[in-house]
Amino acid sequence: LGYVVVNNSGRIYIFDTNTFELKGKIAGFTSPRHMHFLSDTKAYVSDLYARSIAVVNPASREIVGSIPVNNNNSEFYQHSTEQMLQYDKFVYTNCWSYDNQVLVIDSELDRVVDSIEVLKQPNSMVFDRHHALWVLCDGGTEGSPYGSEAPGLLKIGAGSKEARVIHRFSEGEMPGELTINGG
């Protein structure tokens, strides 16, 4: 089966990947962004506006819980979650919009257990073969009420809670969509 997360729709559509026949949907989200499978019966769905990560059962096609990520900052709508990457039992999610955090979720407890400060607006992440987490931050946009700074590429070593700036881009550049090759 293929799962298509449709941002701003409140739904995830499920298709047969051989026939493209619609097999069902999971509804009830605010603005779903990415889906991360932990098992056949458990997945996480990040969300732009819900201030939580939905816990879903792909087999039953329903939302079975949520992981609160609200930081109670009333000035900005923070901790909107995006990508999710897993190392061991920990799932890392970047908080892109008006934020500068990577949250660490314990997938056995279904709760946020830590956060790592990065530069403004971390938009994409990858793990390398040494389990280091690389985070690309776009630095925000000029004139934003959250402010802006030079974008950068950061590295968080395996098991570390500190981000190290590896490269700073020029002000005004908007790097995105960090990828890595198999080597």
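The values are calculated or read from the model by the stated rules, or taken from the named source; none is laboratory data. Everything numeric here is computed off the predicted structure, so don't read it as measured data. Cβ placement follows ideal geometry from the backbone for every residue including glycine, while neighbour counts extend to all protein chains displayed. Ligands, DNA and RNA are stripped out before the accessible areas are found, and what is left, the full protein with its side chains, is counted by its heavy atoms. Shrake-Rupley method; radii C 1.70, N 1.55, O 1.52, S 1.80 Å.
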(request) Calculate what fraction, in whole %, of the accessible area of the chain sits on carbon and sulfur atoms when a 1.4 Å probe is rolled over the protein chains. (result) 46
(request) Express in nm, to one decimal, how much length is gained between R129 and N8 on full extension, taking 0.36 nm for each residue of separation and deducting their alpha carbon distance. (result) 40.2 nm
(message) Which of S66, S148, S39 ends up with the largest GNM mean-square fluctuation for the chain, with Cα atoms connected below 10 Å?
(response) S39
(request) May I ask you to evaluate 6.51 cos²θ - 1.76 cosθ + 1.60, the Karplus curve with θ = phi - 60°, for each residue of segment 101-111 and list the ³J(HN,Hα) values in order in whole Hz, giving x for glycine and proline? (result) 10, 10, 8, 10, 10, 7, 6, 7, 9, 6, 7
(request) Would you grab the residues whose amide H sits under 5 Å from the one on S52? Only those 5+ places off in sequence or on another chain, please, with H modelled 1.01 Å from N. (result) V69
(message) Explain nothing, just the number: dipole magnitude of segment 27-104 about its Cα centre with +1 on each Lys and Arg Cβ and -1 on each Asp and Glu Cβ, in debye rounded to the nearest 20.
(response) 140
(message) Can you list residues from other chains, or at least 5 along the same chain, whose modelled amide H is less than 5 Å from the amide H of E82?
(response) N94, W96
(request) Would you work out which of A27, M174, L103 lies farthest towards the positive end of the dipole of the chain, given +1 charges on the beta-carbon of Lys and Arg and -1 on that of Asp and Glu, about the Cα centre? (result) A27
(request) Quick one: grab the alpha carbon gyration tensor of segment 1-96, order the square roots of its eigenvalues as a ≥ b ≥ c, and give me rounded if a/c is under 1.5, else prolate or oblate depending on whether a/b is larger than b/c. (result) prolate
(message) Tell me whether segment 34-183 comes out rounded, prolate or oblate; compute the Cα gyration tensor, take square roots of the eigenvalues as a ≥ b ≥ c, and use a/c under 1.5 as the rounded threshold.
(response) oblate
(message) Once you order the gyration tensor axes a ≥ b ≥ c over the Cα atoms, which shape class does segment 50-133 get: rounded for a/c under 1.5, otherwise prolate or oblate by comparing a/b with b/c?
(response) oblate
(request) Have a look at T93, T41, T30 and tell me which one the Gaussian network model of the chain (Cα, springs below 10 Å) gives the largest fluctuation. (result) T41
(message) For K25, give me every one of the aspartates and glutamates with a C-alpha distance below 16 angstrom, ignoring sequence neighbours fewer than eight places off in its own chain.
(response) D16, D40, E62
(message) Among the listed pairs K42/K89; K120/K155; K42/K161; K89/K161, which have their C-alpha atoms separated by more than 19 angstrom in this model?
(response) K42/K161
(request) Between T19 and T179, take the C-beta separation as r, use R0 = 25 Å, and let me know the FRET efficiency to the nearest 0.05. (result) 0.25
